[in-house]
Amino acid sequence: MRIDLHCHSTASDGTDTPAELVRNAAAAGLDVVALTDHDTTRGYAEAIAALPAGLTLVTGAELSCRFDGISMHMLAYLFDPEEPALLAERELVRDDRVPRARGMVAKLRELGVPVTWEQVARIAGDGSVGRPHVATALVELGVVSSVSDAFTPDWLADGGRAYVAKHETDPFEAIRLVKGAGGVTVFAHPAAAKRGLTVPDSAIAEMAAAGLDGIEVDHMDHDADARARLRGLAKELGLLTTGSSDYHGSRKTCVLGEYTTDPEVYGEITRRAFGAFPVPGAGGV
Ligand SMILES: [Zn+2]
Ligand SMILES: [Zn+2]
């Protein structure tokens, strides 16, 4: 059984539509795929309608959080997408995305980069606009050679010259809200140091005590040492460990199913959730 619990679609900053994502997941030989767009659930309906027979969809989202000034991502699974308190928080974060992206464009223009808001909006299409779209504009303009080269202190990394902070949820609040909506939380890529500062282990311990369910261990941004350290920490704290591709279509280099989650861990996630159930493929289009 092959299970990939972290994937993005055009509902946020992936390049596959939700329908393409589930078809590609089936073609990649996955049995279970999670749709975890940034701060939105609006890809669900399309993914469910297109779900191929034999593939199970785990509905989810990747919530933008901030702990002690450090940006971090919290994966949330199988929560009720209509639950009002969590919905309101997602909207608060998402409504901040456009002013933030516009702010990054303004800073880049001050730095002499001829990027325009129209260009970034075109790249984002109908997805919720974010930093990877601004980074893609920098690649189009030849300022950097790849999206990841834009995530440096010179450009768009946290605290970088063209960086603009956004509204992000307190992770303890995120854990509480997701639980309140019947879902399960997994701290995404907690040791992804190249994205900026990471949250200390002591804070992960506090989150575990506050009801965090798991941490993502097998991820492209974690080297072997980081994975070993995180596995030890999870064991110590009684946390589940997951593995996932963080697939973004062609925007990033990872492929579907590049890393996967143990079926027993997946089973435990579904047992803990009571807000929504995984959706089995019904042999749709
Ligand atoms: Zn993330
Ligand atoms: Zn992600």
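What follows is calculated from the coordinates using simple rules that are stated; it is not laboratory data. This structure is a prediction, so every number in the text was calculated from the model and none was measured. Every residue, glycine among them, receives a Cβ derived from its backbone with ideal geometry; neighbour counts consider all protein chains shown.
See the values below:
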{"read-out": "FRET efficiency estimate (nearest 0.05) - Cβ-Cβ, residue 176 to residue 140, R0 41 angstrom", "value": "0.50"}
{"read-out": "Degrees between helix 263-272 axis and first principal axis of the chain (Cα, 0 to 90, nearest 10)", "value": "90 degrees"}
{"read-out": "Per-residue ³J(HN,Hα) for the range 215-226, Karplus 6.51 cos²θ - 1.76 cosθ + 1.60, θ = phi - 60°, Hz, x for Gly and Pro", "value": "10, 7, 9, 7, 8, 4, 8, 10, 7, 4, 5, 4"}
{"read-out": "Unit charges at the beta carbon, dipole of the range 127-253: most positive-side option, 226, 211, 248", "value": "248"}
{"read-out": "Modelled FRET efficiency - R0 35 Å, residue 149 with residue 231, Cβ distances, 0.05 increments", "value": "0.70"}
{"read-out": "Residue of 114, 190, 132 that the Gaussian network model of the chain assigns the largest fluctuation, springs spanning Cα pairs under 10 Å", "value": "114"}
{"read-out": "Dipole-positive endmost among 146, 53, 190 within the chain (Cβ charges, Cα centre)", "value": "146"}
{"read-out": "Sorted by Cβ neighbour density within 10 Å, fewest at the top, the residues 155, 117", "value": "117, 155"}
{"read-out": "Amide hydrogen neighbours beyond the local backbone of residue 63, cut-off 5 Å, H modeled", "value": "39, 74, 75, 76"}
{"read-out": "Exposure proxy ranking, count of Cβ atoms within 10 Å, fewest first, for 123, 269, 3", "value": "123, 3, 269"}
{"read-out": "Gaussian network model of the chain, Cα within-10 Å springs - most flexible of 270, 185, 253", "value": "253"}
{"read-out": "Proxy reagent accessibility, fewest Cβ within 10 Å first, across 51, 87, 233", "value": "87, 233, 51"}
{"read-out": "Dipole moment magnitude, nearest 20 debye, the range 97-150 about Cα centre, only Lys, Arg, Asp, Glu C-beta charged", "value": "220 debye"}
{"read-out": "Amide hydrogen neighbours beyond the local backbone of residue 240, cut-off 5 Å, H modeled", "value": "214, 215"}
{"read-out": "Prolate/oblate/rounded label for the range 97-150 (Cα gyration tensor, a/c 1.5)", "value": "oblate"}
{"read-out": "Helix-derived mean residue ellipticity, 222 nm - over the chain, DSSP H n ≥ 4, -39500 (n - 2.57), to 500", "value": "-11000 deg cm²/dmol"}
{"read-out": "Straight-distance crosslink candidates among lysines, where the alpha carbon sits under 23 Å from residue 166 and sequence neighbours closer than 8 are dropped", "value": "107, 194, 252"}
{"read-out": "Lys, Arg +1 and Asp, Glu -1 on Cβ, resulting dipole of the range 39-194 about Cα centre, debye, nearest 20", "value": "340 debye"}
{"read-out": "Separation between Cα centres of the range 146-172 and the range 76-129, rounded to whole Å", "value": "13 Å"}
{"read-out": "Label zone at residue 205 (point 7 Å along Cα-to-Cβ), backbone N below 18 Å, the range 152-192", "value": "172, 191"}
{"read-out": "Net dipole in debye of the chain [+1 Lys, Arg Cβ; -1 Asp, Glu Cβ; about Cα centre; nearest 20]", "value": "400 debye"}
{"read-out": "Dipole of the range 97-150 [Lys/Arg +1, Asp/Glu -1 at C-beta], most positive-end residue of 132, 104, 121", "value": "104"}
